[in-house]
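See below for the structure under consideration.
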Amino acid sequence: MSAREPLPIRRLREFQPLDRLTDEQLILLATRAETRRLGPGQRLLERGSRDGQEYFLIDGEVELEAVDGRTTAIAAGSPTGKNPIARLQPRMYTVTASVPSQFLVVEQDTLNQLLRAAPVSDDGVSEMADDSGDDEAHDLLMEFYADLRANKLTLPSVPDVAWKVRRATERDESTAEDIARVITVDPSISAKLVRACNSPLYRGFNDVRTVREAVVRLGTRTTRQLVTVFSMREVFKTQRKELQAAMEQLWRHSREVAALCWVLADAVTSLDPEEALLAGLLHDIGAIPVIVHAEHHVNVFADPKLLEQVVGELKADTGAAVLERWEFPESFVTAARHAEDWAYQPAQEEPQLVDVVILAKLHAMIRERQGKTLPRFETVPAYTRLGELKLSASRSLEILNMAQARIDEVQKLLSIH
């Protein structure tokens, strides 16, 4: 059931990227959009379809079903529910209403046109360029954003060995031998896993010599996380020498955040350190397709400041899209989307991966002495949330200083070639 029922501007502004539009643009969008209502069990989207539309969940809840049968629930008003539903086309999920639900339906071309004409944000490109370059910088940024919405950016694929190991570990009947057999197909990952198992972080009474022994010692969950971590290095690559410096800097920063995440999770939360490590490594994954796409825009990669600004604007949305495509849990998607959102607060009371990533990101940016204006630790909600575990600004610095050797050890693991 469809209808032309314009939503109030305040409701439209709750969604991303509609919050980038002006009031006048939102009024125009409201007149061109429609609302759709579905009852429980009614299907909104079919996997594999292309319809050229964006769907925003106004009320209710939907279930996304992937090709392997796994399902994910998204409720209106949740962090994920504030973004377009199953945004990539062709659709990667079949989407069904779980309860009576209402949707805002917008033509993708209409949204892209409005985004191209949207004003630059307060910290946007125009402040970094001179007056003569403002229009070009803004046009480039809007072109990138429109390409993202239209699914024209080439998103990286999960490395083959990581995908196969994930599938093997999800099968109840898989043994250590079965998982080891999948890993040993990749000699480089096999060597890294054995070396990691013999490092101070995981070392037992005796050194392990085979992948099977490493899987037994580490356990299925840790093995899967570490294989994914080690395989990520091949994703941080570009064909352009001019862009390789940006990619290398991204890899170094991601390793630093990952190491800090591991130490913080291990020291002050009940979160899985390896899961935190992986979340930290992937928190800026959205920068990769943007850097790769910049290969087609000489004016972007010729100006490091412009490239940095375009990456900064797009990496959160793009990172969420990458991890959704890779079928990562929502906690990883949320961490990628809000890693640099210092004011973000999850709905859950207990500490989440995103809290640790935000905290690690802030520490890393301070350690790297980046020229950005950063908030004080005590003003960041992630600090307040972790404060229940006796983590204060001075306490966290103390933990990280005392754990520098462990941070260095994690960095070594991520630097193995």
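The values are calculated or read from the model by the stated rules, or taken from the named source; none is laboratory data. All of these numbers come straight from a predicted model, not from anything done at the bench. Note: ideal-geometry Cβ built from the backbone for every residue, glycine included; neighbour counts use all protein chains shown. Accessible surface is based on the protein model in full, side chains and every heavy atom, while ligands, DNA and RNA are left aside. Shrake-Rupley method; radii C 1.70, N 1.55, O 1.52, S 1.80 Å.
Kindly evaluate Pro381 against the criterion of being of a type outside the set (Phe, Trp, Tyr), more than 24 Å from Ala162 (Cα to Cα) and in contact with a Leu (Cβ under 8 Å, 6 or more places away or on another chain). Against the criterion (of a type outside the set (Phe, Trp, Tyr), more than 24 Å from Ala162 (Cα to Cα) and in contact with a Leu (Cβ under 8 Å, 6 or more places away or on another chain)), Pro381 does not qualify. The residues of region 249-270 that are touching a residue at least 12 places away in the same chain (Cβ under 8 Å), farther than 21 Å from Tyr383 by Cα and of a type in the set (D, E, K, R) amount to a single one, Arg255. The residue pairs whose first member lies in region 358-369 and is free of Cβ contacts under 8 Å to residues at least 12 places away in the same chain, whose second member is part of a helix (DSSP H, G or I) and among the polar types (S, T, N, Q), and whose beta carbons are closer than 6 Å, counting only pairs six or more residues apart or on different chains, do not exist in this structure.
Looking only at region 48-62, residues that are surrounded by fewer than 17 Cβ atoms within 10 Å (Cβ to Cβ) and not in a loop (DSSP other than H, G, I, E, B) come to 1 in all. When Asp207 is tested against (1) touching a Pro at 6+ places or on another chain (Cβ under 6 Å); (2) surrounded by fewer than 17 Cβ atoms within 10 Å (Cβ to Cβ), exactly one condition is not met: (1). The numbered conditions (1) more than 18 Å from Gln16 (Cβ to Cβ); (2) loosely packed, with under 15 Cβ neighbours inside 10 Å are all true for Leu88 except (1). When residues in region 96-119 are screened for being in contact with a helix residue (DSSP H, G or I) (Cβ under 7 Å, 6 or more places away or on another chain) and open to solvent by less than 50 Å² (accessible area, probe 1.4 Å), 8 of them pass.
Inspect all residues belonging to region 249-268 and state whether any of them is among the polar types (S, T, N, Q), open to solvent by 10 Å² or more (accessible area, probe 1.4 Å) and assigned to a loop (DSSP other than H, G, I, E, B).
no
Here is the figure for region 63-83: residues that are open to solvent by 10 Å² or more (accessible area, probe 1.4 Å), closer than 19 Å to Pro17 by Cβ and part of a loop (DSSP other than H, G, I, E, B) total 4.
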